[in-house]
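See below for the structure under consideration.
The values are calculated or read from the model by the stated rules, or taken from the named source; none is laboratory data. Model, not experiment: these values are computed from the prediction. Cβ placement follows ideal geometry from the backbone for every residue including glycine, while neighbour counts extend to all protein chains displayed. What goes into the accessible areas is simple: the full protein's heavy atoms, side chains included, and nothing from ligands, DNA or RNA. Shrake-Rupley method; radii C 1.70, N 1.55, O 1.52, S 1.80 Å.
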Amino acid sequence: MLEVRNLSVRADGKDILNGINLSIHRGEVHAIMGPNGSGKSTLAQVLAGREGYEITDGEVAYEGENLFDLDPEERAQAGIFLAFQYPVEIPGVSNLYFLRAALNAIRKTKGQDPMDAIDFLELAKKKMANLEMDSTMIERSVNAGFSGGEKKRNEIFQMSILEPKLAILDETDSGLDIDALKLVSHGVNKLRDPDRAMVVVTHYQRLLNYIVPDFVHVLAGGHIVKSGDKNLALELEEKGYGWIEEAEPTK
Amino acid sequence: MTGTGRERQHLTELWGNLMSSATDELEILTTQDYKYGFVTDVESDSAPPGLSEDIVRFISAKKNEPEFLLEWRLKAYRNWLEMKEPAWHNVHYSPIDYQSIVYYSAPKSKKDGPKSLEEVDPELLATYEKLGIPLNEQAALAGVAVDAVFDSVSVATTFKDKLSEMGVIFCSFSEAVENHPNLIQKYLGTVVPPTDNFFAALNSAVFSDGSFCYIPKGVRCPMELSTYFRINAANTGQFERTLIVADEGAYVSYLEGCTAPMRDENQLHAAVVELVALDNSQIKYSTVQNWYPGDKDGKGGIYNFVTKRGKCQGVNSKISWTQVETGSAITWKYPSCVLIGDNSVGEFYSVAVTNNRQQADTGTKMIHIGKNTSSTIISKGISAGYGQNAYRGLVKIQKGAEGARNFSQCDSMLMGDKCGAHTFPYLEVKNPTAQVEHEATTSKIGEDQIFYLNQRGITTEDAISMIVNGFCKEVFRELPMEFAVEAQKLLGVSLEGSVG
Ligand SMILES: Nc1ncnc2c1ncn2[C@@H]1O[C@H](COP(=O)(O)OP(=O)(O)OP(=O)(O)O)[C@@H](O)[C@H]1O
Ligand SMILES: [Mg+2]
């Protein structure tokens with residue numbers, strides 16, 4: 001589904017990613033871990049199409065297509081979803097209006113009819129109940145005045161409505177309290193599907209107890225320095241990053 | 001069935017549908033920058049260019065005006081001769097040659113003016129049809145009565161008979177002068193005196209038509225009243241007057257819309273609007289101004305120099321101004337409220353957009369005279385391209401205004417780095433019990449906001465329109481539904497191509 005080959009990225013004259021290789025198939029959950037500033041968010045943003053990054057080398061194929069040929073909204077319409085590490089506030093635009101516009105933009109590319117407001121409201125209320133979100137959130141402006149945890153929950157709520165093919169969750173667990181972490185993980189697990197792939201960026205092994213990954217990768221200095229199964233995360237928890245940072249990049 | 005939940009759902013859906021049709025419309029509109037730029041081919045009856053006592057007499061004679069009105073005009077004209085064009089505003093334009101302007105132009109008609117819709121020149125009906133304002137009552141927007149002003153004269157007013165059954169007078173200014181001279185004599189110039197300012201004096205001398213509304217005691221006007229202004233003829237100025245009087249306990253919501261053909265020369269629009277609210281009455285006045293803004297390089301466009309003022313004369317009266325200003329090369333206007341009656345309320349909600357070379361200097365004056373008067377000012381300025389946007393507002397609390405309150409909020413949004421936003425709030429407080437609050441913010445439309453919406457599948461064009469509409473929400477929700485939708489569309493079109 002997603003083939004990242006030798007991807008190198010620079011911003012403001014600084015090399016951030018230096019030859020990333022990553023192969024993601026349907027149904028798989030990949031966890032990406034790594035120290036602060038190692039390039040995890042950069043990778044996520046570049047995959048989603050954020051401007052301001054220079055692709056200096058490598059290529060990315062998404063479902064056989066050159067990902068870089070697609071505008072950010074085309075990538076979203078093609079099923080790529082990014083749960084932001086820092087969700088943006090949009091004052092005056094209600095969650096309801098925004099998310100229905102998003103859903104209908106995506107439905108349109110699938111050749112489906114737009115969903116009307118009443119059906120949408122019903123769908124939204126159901127999904128919010130799953131995440132134990134206060135139903136008044138739907139009428140509030142997108143992320144405006146939301147607490148850190150509420151913003152993260154709102155990202156997963158959006159994902160559950162948009163049902164992407166490839167979901168990239170950038171530190172969705174940061175800022176969540178223990179109960180919210182369980183709820184959000186539960187929400188994510190409900191979306192686990194043989195047709196859907198997920199990339200979960202996190203600093204904490206604890207999240208991976210709830211969302212059990214098929215693969216764990218460690219990103220350091222713009223390389224993937226180690227890949228393994230879920231046990232790698234346990235090992236990291238115990239030993240920290242020091243022992244692998246000097247290691248050779250994996251192929 | 002009437003539960004608020006159900007109602008809200010219904011509204012939400014309506015709103016949603018309107019919004020999505022607005023986005024579809026955007027695609028169509030973006031290919032044609034200003035879709036109202038066409039010219040109607042009608043024979044017109046015009047005065048020669050230039051201004052003199054003779055022209056003032058000519059206009060007055062054309063309208064068979066009573067003596068008092070001619071005298072009133074001449075006095076205004078003589079005053080105007082002594083006055084200087086104001087230069088304190090934050091706009092720049094080359095001097096206007098007042099002798100090259102045509103002060104009267106009317107589509108030629110065989111009779112004295114149409115008495116019924118059947119007699120209106122089909123060419124004119126077609127023009128309004130094309131502007132989306134069908135004048136045929138069967139096709140007309142339900143619940144909106146329209147007075148159509150074409151260049152200097154009113155060409156049609158719809159639903160007049162239906163309204164008169166309730167005692168509501170809604171007609172062209174000329175007709176009001178003919179049929180209700182007492183009301184005109186009683187109220188004309190009582191809110192904006194002819195000596196008020198340079199452009200008001202000019203208007204008082206040469207105004208040719210406009211709308212008049214009178215809502216009698218205790219009547220809640222059953223439909224929105226609206227005037228649609230259209231400038232058609234070249235080199236012509238439009239100088240209309242609107243006078244609205246709400247008698248005790250009356251309520252009226254009034255809408256004003258405007259467009260003009262695309263022409264390379266600038267055209268002057270100097271209107272005067274006067275509102276009078278007596279005890280316990282309420283006037284809600286909404287404008288969506290979309291005069292031709294000129295081309296990308298600033299050639300052509302309307303100079304929109306307008307004096308609008310409302311007088312809350314009675315106790316517990318209320319006047320609300322809501323304006324969405326997207327057009328004109330230059331906009332210069334300050335819809336104001338004079339709060340005389342105790343407990344009276346003044347409101348000003350404004351969205352002003354300047355793109356390309358457009359300039360706007362707009363705001364309000366809230367003059368608190370009566371006790372416990374309160375006012376609210378919400379101003380949203382959006383600047384794109386080389387646009388310059390200034391908010392200028394005065395809050396004045398007079399000595400006797402015990403317990404007066406004002407809240408002002410002025411937000412500016414910048415798109416790109418060649419445009420400008422300026423805020424000039426003035427405050428004069430002469431009563432120590434007054435409570436005055438002012439908030440101001442300036443923000444740049446964020447790339448991260450646009451990217452966030454893109455990442456959810458929304459195109460950049462729609463993202464901008466969504467962000468900007470969100471920014472203006474507090475103002476849009478004051479508009480009647482039809483107007484709100486129109487306003488959203490306009491905003492999208494005016495800002496087309498300004499980011500990304
Ligand atoms: N647009 C940019 N311009 C310059 N430097 C950037 C830019 N974006 C990211 N960087 C730098 O690249 C490095 C990687 O940043 P990134 O946000 O990808 O790290 P991260 O792995 O997500 O860190 P964290 O765990 O703290 O979220 C950092 O040093 C950051 O300062
Ligand atoms: Mg990060």
Please verify whether region A:116-128 includes one or more residues that are open to solvent by 80 Å² or more (accessible area, probe 1.4 Å), in a helix (DSSP H, G or I) and of a type in the set (Lys, Arg).
-> yes
Single residue of A:Ala44, A:Ala61, A:Ala48 found to be within 16 Å of ligand 2 (Cβ to nearest atom) and closer than 19 Å to A:Asn6 by Cβ = A:Ala44
Hey, could you check region A:195-234 for residues that are under 19 Å from the mean Cα position of the chain (by Cα) and part of a helix (DSSP H, G or I) and say which is surrounded by the most Cβ atoms within 10 Å (Cβ to Cβ)?
-> A:Leu207
Since A:Leu121 meets every condition but one in (1) away from ligand 2 (no atom under 16 Å from the Cβ); (2) in contact (Cβ under 8 Å) with a residue 12 or more places away in the chain; (3) of a type outside the set (Phe, Trp, Tyr); (4) more than 23 Å from B:Gly470 (Cα to Cα), which condition does it not meet?
-> (4)
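Residues in region A:139-148: is at least one more than 14 Å from every other protein chain (Cβ to nearest Cβ), part of a loop (DSSP other than H, G, I, E, B), of a type in the set (A, V, I, L, M, F, W, C) and more than 16 Å from ligand 1 (Cβ to nearest atom)?
Step one: list which residues in region A:139-148 are more than 14 Å from every other protein chain (Cβ to nearest Cβ), which gives A:147-148.
Okay, now just the ones that are also part of a loop (DSSP other than H, G, I, E, B), so A:147.
Now drop any that are not of a type in the set (A, V, I, L, M, F, W, C), which leaves none.
Within region A:139-148 (the criterion being more than 14 Å from every other protein chain (Cβ to nearest Cβ), part of a loop (DSSP other than H, G, I, E, B), of a type in the set (A, V, I, L, M, F, W, C) and more than 16 Å from ligand 1 (Cβ to nearest atom)), the answer is no, since none of the residues qualifies.
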Residue count, region B:441-475, condition within 16 Å of B:Ser350 (Cα to Cα), surrounded by fewer than 23 Cβ atoms within 10 Å (Cβ to Cβ) and touching a Leu at 6+ places or on another chain (Cβ under 9 Å), comes to 2
Index of the failed condition, B:Glu447 passing every other in (1) modelled with pLDDT of 85 or more; (2) within 9 Å of chain A (Cβ to nearest Cβ); (3) closer than 30 Å to A:Leu169 by Cβ = (1)
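Residue by residue, here is whether (1) surrounded by 17 or more Cβ atoms within 10 Å (Cβ to Cβ); (2) away from every other protein chain (no Cβ under 11 Å) holds:
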site: A:Lys14; (1), (2): no, yes
site: A:Ile24; (1), (2): yes, yes
site: A:Gly49; (1), (2): yes, no
site: A:Tyr62; (1), (2): yes, yes
site: A:Phe68; (1), (2): no, yes
site: A:Arg75; (1), (2): yes, no
site: A:Val93; (1), (2): yes, no
site: A:Leu96; (1), (2): yes, no
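Those residues that are more than 6 Å from ligand 1 (Cβ to nearest atom) and either at pLDDT below 95 or in contact with a Phe, Trp or Tyr (Cβ under 7 Å, 6 or more places away or on another chain) (or both), I need them from region A:35-44; list them, please. Give the steps one after another, and end with the answer.
First, the residues of region A:35-44 that are more than 6 Å from ligand 1 (Cβ to nearest atom): A:35, A:43-44.
Across region A:35-44, the qualifying residue is only A:Pro35.
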Cβ pairs under 7 Å, 6+ apart, first in region B:177-192 and farther than 16 Å from B:Glu71 by Cα, second hydroxyl-bearing (Ser, Thr, Tyr) | B:Leu183/B:Tyr214; B:Val192/B:Thr307
So which residues in region A:149-179 are among the hydrophobic types (A, V, I, L, M, F, W, C), within 16 Å of ligand 1 (Cβ to nearest atom), touching a residue at least 40 places away in the same chain (Cβ under 8 Å) and away from chain B (no Cβ under 12 Å)?
-> A:Leu169
Is one or more of the residues making up region A:95-108 of a type in the set (Phe, Trp, Tyr) and not in a helix (DSSP H, G or I)?
-> no
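Report yes if A:Gln85 is on the phi < 0 side of the Ramachandran plot, open to solvent by 10 Å² or more (accessible area, probe 1.4 Å), under 19 Å from the mean Cα position of the chain (by Cα) and within 16 Å of ligand 1 (Cβ to nearest atom), otherwise no. Show your work before the answer.
Details: on the phi < 0 side of the Ramachandran plot: yes; open to solvent by 10 Å² or more (accessible area, probe 1.4 Å): yes; under 19 Å from the mean Cα position of the chain (by Cα): yes; within 16 Å of ligand 1 (Cβ to nearest atom): yes.
In short, yes.
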